[in-house]
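Heads up: the structure comes next, in structure tokens.
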Amino acid sequence: MHTALLQSSGRPGDVAHNLRVLDDAARAGAANGAGLLAAPEMFLTGYAIGDDVPRLAEPADGESADAIAEIATRHGLAVAYGYPERDGETVYNSVQLISADGTRLANYRKTHLFGCFERDHFTPGDQPVVQAELAGLRVGLMICYDVEFPENVRAHALAGTDLLLVPTAQMHPFQFVAESLVPVRAFENQMYVAYVNRTGPEGEFEFVGLSTLAGPDGVARARAGRGEELVSADVDPAFLAASRENNPYLRDRRPGLYVSLV
């Protein structure tokens, strides 16, 4: 499945503008043969929106979800996007995956919140492994800081995730996560990892870009620079199967030795 990563911060606080950016990226991705487009963490509203988080938060089946379903259907590709999710009085930092026919396939709530800003504005989710079937692949969802916990990604590996989508808001000076940690996560867990970032200054943050699609061999199939960019690469089930056959990490685990970890 050809997979496109939209590296963009859109326009913070302007949902209508960000939907247009997503529409343009979906058009370009589809023209290049992509079956999936992934956008960054909090792409719908912007990340550094402060006290506007509650005002701009929407339910998983809200107006913007309908608009993105229409974009996905019109361009014929699945779309994953980050957004602030409202559920009653509770707000989560979430990512939703919508299929090419407009079906809402999966919704994940960030389980590990980073920094005072996130802890002040969001409630952490409590479901670590959220997956959906897409084009013959088992696709898992995670957000930013979550991928920095090896237990999180290993849980996905043990649940059979083939492609892990990680919308992120990775900021300076932590660019080593995109450069080094993400390819290692892909290798040690034998999966593809798509890490799609924001870029440029936003409020008190400076996002580093460097969006990456890493394969199970630890090699980046696509890597963006520091600016606005749409990059893409293939997620190859045959290569993944061969890599898993040749790499014994998951087979050679000894869970009885790891009891102290939990």
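Points worth noting:
Conditions (1) in contact with a Ser or Thr (Cβ under 7 Å, 6 or more places away or on another chain); (2) more than 15 Å from ALA39 (Cα to Cα), marked per residue:
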residue: ASN93; (1), (2): no, no
residue: LEU113; (1), (2): no, yes
residue: ARG119; (1), (2): no, yes
residue: ALA169; (1), (2): no, no
residue: PHE176; (1), (2): no, yes
residue: ARG185; (1), (2): no, yes
residue: MET191; (1), (2): yes, yes
residue: GLY203; (1), (2): no, yes
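- Residue match in segment 91-101 (condition: over 18 Å from PRO167 (Cα atoms), more than 19 Å from the chain's Cα centre (by Cα) and not hydroxyl-bearing (Ser, Thr, Tyr)): yes
- Residue in segment 150-166 that is among the basic types (Lys, Arg), without any contact (Cβ under 8 Å) to a residue 60 or more places away in the chain and closer than 21 Å to VAL130 by Cα present: yes
- Single condition PRO216 does not satisfy, out of (1) open to solvent by 10 Å² or more (accessible area, probe 1.4 Å); (2) out of contact with any Pro (no Cβ under 8 Å at 6 or more places or on another chain); (3) part of a loop (DSSP other than H, G, I, E, B): (1)
- Residues in segment 40-58 that are in contact with a Pro (Cβ under 9 Å, 6 or more places away or on another chain), open to solvent by 10 Å² or more (accessible area, probe 1.4 Å) and charged (D, E, K, R): ASP52, GLU58.
- Of the residues ARG198, ARG254, the single one that is free of Cβ contacts under 8 Å to residues at least 40 places away in the same chain and not polar (S, T, N, Q) is ARG254.
- Test result for GLN96, of a type outside the set (Phe, Trp, Tyr) and open to solvent by 10 Å² or more (accessible area, probe 1.4 Å): no
- Top-ranked residue in segment 133-145 [being crowded, with 22+ Cβ neighbours inside 10 Å and not aliphatic (A, V, I, L, M); ranked as nearest to ALA238 (Cα to Cα)]: GLY140
For every residue, the table says whether it meets (1) surrounded by 16 or more Cβ atoms within 10 Å (Cβ to Cβ); (2) of a type outside the set (Lys, Arg); (3) in a loop (DSSP other than H, G, I, E, B).
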residue	(1), (2), (3)
TYR195	yes, yes, no
GLY200	no, yes, no
PHE207	yes, yes, no
ARG221	yes, no, no
VAL231	yes, yes, no
ALA238	no, yes, no
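- Test for ARG27: is it out of contact with any Ser or Thr (no Cβ under 9 Å at 6 or more places or on another chain), charged (D, E, K, R) and either crowded, with 16+ Cβ neighbours inside 10 Å or within 18 Å of ALA233 (Cα to Cα) (or both): yes
- Looking across segment 99-132 at every residue that is of a type in the set (Phe, Trp, Tyr) and open to solvent by less than 30 Å² (accessible area, probe 1.4 Å), the one that is farthest from ILE71 (Cα to Cα) is identified as PHE122.
- Residue, most open to solvent (accessible area, probe 1.4 Å), within segment 59-88, restricted to residues that are charged (D, E, K, R) and within 18 Å of ARG20 (Cα to Cα): GLU63
The values are calculated or read from the model by the stated rules, or taken from the named source; none is laboratory data. Quick caveat, the model's predicted, so the values are computed rather than measured. We place every Cβ from the backbone using ideal geometry, glycine too, and count neighbours over all the protein chains shown. Protein only, heavy atoms only, side chains kept; ligands, DNA and RNA dropped before computing areas. Shrake-Rupley method; radii C 1.70, N 1.55, O 1.52, S 1.80 Å.
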